[in-house]
Amino acid sequence: MEYVIETNDLTKVYGSGKEAVTAVDHENMRIKRGSISGILGPNGAGKTTLVMMLTGLILPTSGTAKVLGHDIVKESLQIRKKVGLLPEGFGFYDHLTAKQNLDYIAALNDIPKEERDKRVGEILKAVGSDGFKDRKVGGFSRGMKQRLAIAQTLIKDPELLIFDEPTAGVDPEGAKAFKDMVSKLNKEQGKTIVVCTHLLFEMGPLCTDVAIMNQGRFVVQGNVEEIAERMMAEEGYRIEVEARGDVGAFVAKLKRLKEIISLEVKDDVISIKTMSDVRAEINKRAAKIKGLEVLSIRRLEPSLEDLFMKYYQKEIGVVAHG
Amino acid sequence: MADVFVVASKEFSDIVRSKRFIVLVAIFGLIMTAAMVTVYVSIVQTMPTAPGGPPMPQRFLGTVAYMLISTMPLFGAVMGVALGCDTISGEREKGTLKIVLAQPVFRDTVINGKFLAATLAVSIAVFITSLANVGASIMILGVTPTGEEALRLALFMVFSVLFAMTYYGIAVFLSTVSKKTSQSVILGVTVWAVFTFVIPIIATLVAFTIAPPIIRPPSPGEPMEMDIESIRRYTAIVETISSITPNHHFSKVGQYLLNPYATTGGPFPPQPAQEAASVTSSLIYAGPNILVLTIVTTLAFIASYMVFTRQEVR
Ligand SMILES: Nc1ncnc2c1ncn2[C@@H]1O[C@H](COP(=O)(O)OP(=O)(O)OP(=O)(O)O)[C@@H](O)[C@H]1O
Ligand SMILES: [Mg+2]
């Protein structure tokens, strides 16, 4: 597996003495090439501090990290050549037009003039800003600026894109457009994408991988399905059986299963919590009851929200590395 | 890696199109014109009493010198502070800094580019306002400067740019360490006011306390008598204290370059007109002052680099 980001005890402490704040605390994380990785965490978790260190805007207090194989301190310039960053709380030059702003950023990336014109035009179209490319950014709405900020990350044709709160202040339509674009960039151009956000519900479903961060530490990270699997193993599996017929006898039989943690019946639906995935066993027992028709047996996957709630509230110190 | 000229050309076009720059150039153009008119009127008034007047070269240079010396310290310093005080803090506040610094560009390049752009813009401002007024004085007074005078004027303009860049450097440093532009503006104006008004006053007060110049009251029918030695000491103290300001060094440079009769003896007591110094000699006299301005400017930039390259940008 190839990783585009690898951190090694990466730490950032703001201030010193009594006022010291450890924003990122001995963090070890990996982001897979080709993934859409969500760095999820509540306000103040340290997401912004982390990405600012990765892109050379903040120096780490201790620890090391590599982005695309380059050291974040010694080879920051190489990183910034290949990584597009949408920073939190960004701004543009108000007195310049959208096109002029992008042109300047393209020039900073050493893109020659003719190519710059072409690329800026294409990218403005791609993010749906073509209509206001010649207007001064000072008069832009929040959403228009956001599009420009996304456009800005694409100018250098980066291998890796890092978006910090990309949909902050964007309307639902804009958020959807953003997500569609991210999927497209990932699928069609194979770009690796990292999205930092506290908006679990909005961004979660987009991600192939997540890393949940709280108080400067990763509480859990990895592929969404793997994490769900692990959570089920820790917390128990939830299975729902819908049946018709002699449900009473069936329930009595199920209760004798030693893996059962709890069981509830509501109408024809039996909700079971078990220590392992006992769907096959349930089927077997059901077959032994005459006049019982099993309509469905489903395993309920934990939602991202479940994951989030579990790992957010988890004590620091119980750190699971993916 | 982005070139310093990428930053410089953007910054330059930003500066020369900014209201701030245009307004400052216009105001100082007018102030210079007013200074020139004052000189013109006083010359016209003294004409009849001094037929023939002093030799032409001295008068031409003297006229223009008055105009430039009286306005340039203000212009240079205000221009420097006005252009410098939001260089970094302004971009930090707007959030453009993190976008710029997330590109493959060294932080020094950003400061160098801005410095280059400001130098060019200030040069243009100094040359335009000075040349327009010098041109006007030539036309009004009907005298043409000699080659040497033209050279002296040109050199003065170059060092005016240096002086403005000294203030610019200080302002850039303040803007690097300040979180907000409002803060760096206040600091910049304070530094300027301290150097321009407070220190000269303190210098006078201190000199007056330590070594008051002795002036004997005139006995009836006799001219006032001054104790030359006491005045020399008084002046030396004033100059020593003032020498911590860039303004002092710039005004020295102005005196040496625009008045060929100025020597290193200090302005007081007035020396009898000796032989005029050559341009080279004037430059040599002004050398230490030019060096001080250069060093202060360089130090201000080094300090800015050191702070800026380590700074957290978020
Ligand atoms: N310049 C600073 N000085 C001191 N503490 C800081 C500074 N910047 C951030 N912090 C602290 O570091 C911690 C992490 O902040 P950070 O902005 O990285 O979190 P975040 O996960 O991005 O939060 P959000 O979702 O609000 O953007 C917070 O406790 C914050 O108060
Ligand atoms: Mg943040």
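Output wanted: per-residue J couplings in Hz (rounded whole) for segment B:295-312, from phi through Karplus 6.51 cos²θ - 1.76 cosθ + 1.60, θ = phi - 60°, x for Gly and Pro.
Residue by residue, segment B:295-312 yields 5, 4, 4, 4, 4, 4, 6, 4, 4, 4, 4, 4, 5, 5, 5, 9, 6, 7 Hz.
Output the 0 to 90 degree angle, nearest 10, between the alpha-carbon long axis of helix A:304-313 and the longest principal axis computed from the alpha carbons of chain A.
In chain A, helix A:304-313 runs at an angle near 80 degrees to the longest axis.
Let me know the mean shielding of A:151-161 by other chains, meaning the per-residue number of their Cβ atoms within 10 Å of its Cβ.
Taking all residues of A:151-161 together, the mean is 1.
Could you run the Karplus curve 6.51 cos²θ - 1.76 cosθ + 1.60 with θ = phi - 60° over segment A:112-125 and give me ³J(HN,Hα) per residue in whole Hz, x for Gly and Pro?
After applying 6.51 cos²θ - 1.76 cosθ + 1.60, I find x, 3, 5, 5, 4, 4, 5, 5, 4, x, 4, 5, 4, 5 Hz.
Quick one: 3J(HN,Hα) in Hz for segment A:152-160, Karplus 6.51/-1.76/1.60 with θ = phi - 60°, rounded, Gly and Pro as x.
Using θ = phi - 60°, the values come out as 4, 6, 8, 3, 8, 6, x, 7, 10 Hz.
With the cut-off at 34 Å, report for the protein assembly as shown the share of all Cα pairs above it, as a whole percent.
More than 34 Å apart: 60 percent of the Cα pairs in the protein assembly as shown.
Counting pairs of alpha carbon atoms under 8 Å apart in space and at least six apart in sequence, what relative contact order in percent does chain B give?
The normalised contact order for chain B reaches 24 percent.
Answer rounded, prolate or oblate for chain A, using the Cα gyration tensor with square roots of eigenvalues a ≥ b ≥ c: rounded when a/c is under 1.5, else prolate when a/b is larger than b/c, else oblate.
prolate
From other protein chains only, count the Cβ atoms within 10 Å of every residue's Cβ in A:103-111, then give the mean.
Working: counts 1, 9, 7, 2, 9, 15, 6, 7, 1.
The per-residue average across the peptide is 6.
State, in square angstrom and to the nearest 100, the accessible area buried between chains A and B, both chains counted, probe radius 1.4 Å. Intermediate values should be presented prior to the final figure.
Working: alone 16240 and 16000 Å², together 29620 Å².
For chain A against chain B, roughly 2600 Å² becomes buried.
Once you average over the residues of B:90-99, how many Cβ atoms of partner chains fall within 10 Å of each Cβ?
Details: counts 0, 2, 1, 1, 6, 8, 9, 4, 11, 14.
Mean shielding by partner chains, rounded to a whole number: 6.
Which percent of the accessible area of chain A is formed by carbon and sulfur heavy atoms (probe 1.4 angstrom)?
48 percent
So what's chain B giving for Cα Rg divided by 2.2 N^0.38 Å, two decimals?
1.13
Using +1 on the beta carbon of Lys and Arg, -1 on that of Asp and Glu, and nothing else charged, what's the dipole of segment A:1-91 about the Cα centre, debye to 20?
On the way: 11 positive and 9 negative charges, 57 e Å.
That gives a dipole near 280 debye.
So which residues of segment A:53-69 lose at least 20 Å² of accessible area, probe 1.4 Å, when you go from the chain by itself to every protein chain present?
Output list: A:Leu57, A:Ile58, A:Leu59.
What's the local net charge at A:Thr97, with K and R +1, D and E -1, over the other residues with C-beta under 12 Å away?
Every neighbour counted, the sum reads +1.
Need one number: % antiparallel among DSSP beta bridges in the protein assembly as shown, to the nearest 5.
The antiparallel proportion sits near 70 percent.
Can you check what the net charge comes to around A:Arg30, using other residues whose Cβ is under 12 Å from the Cβ of A:Arg30 (Lys, Arg +1; Asp, Glu -1)?
Combined, the nearby Lys, Arg, Asp and Glu give -1.
If I take every Cα pair under 8 Å that is 6 or more residues apart in chain A, average their sequence separation and divide by the length, what percent do I get for the relative contact order?
Worked out over chain A, it gives 19 percent.
Averaged per residue, what accessible area in Å² does segment B:2-309 show with a 1.4 Å probe, protein chains only?
46 Å²
In segment B:2-309, carbon and sulfur make up what percent of the accessible area (probe 1.4 Å)? Write out the running numbers ahead of the final one.
On the way: 10320 of 14150 Å².
In segment B:2-309, the share of accessible area belonging to carbon and sulfur is 73 percent.
If you count the DSSP beta bridges with both ends in chain A, what percent of them are antiparallel, to the nearest 5?
70 percent
Rounding to the nearest 20 debye, state how big the charge dipole of the protein assembly as shown is about its Cα centre with +1 on each Lys and Arg Cβ and -1 on each Asp and Glu Cβ. Mind showing how you got there, number by number?
Working: 67 positive and 63 negative charges, 217 e Å.
My answer is approximately 1040 debye.
From the protein chains alone at 1.4 Å, what is the descending order of accessible area for A:Glu19, B:Glu312, largest first?
A:Glu19, B:Glu312
According to a simple spin-label model (label point 7 Å from Cα along Cα-to-Cβ), what is the distance in nm between B:Ile295 and A:Glu173?
Reported label-point gap for A:Glu173 and B:Ile295 is 6.5 nm.
Ordering A:His198, B:His249 from largest to smallest accessible area (1.4 angstrom probe), what's the sequence?
The ranking, largest first, comes out as A:His198, B:His249.
How would A:Leu10, B:Leu174, B:Leu187 line up by accessible area, probe 1.4 Å, largest first?
B:Leu187, B:Leu174, A:Leu10
The values are calculated or read from the model by the stated rules, or taken from the named source; none is laboratory data. What you are looking at is a predicted structure, and each value in this text was computed from that prediction instead of being measured. For neighbour counting, all protein chains shown are included, and Cβ atoms are generated from backbone atoms with ideal geometry for every residue, glycine included. Accessible surface is based on the protein model in full, side chains and every heavy atom, while ligands, DNA and RNA are left aside. Shrake-Rupley method; radii C 1.70, N 1.55, O 1.52, S 1.80 Å.
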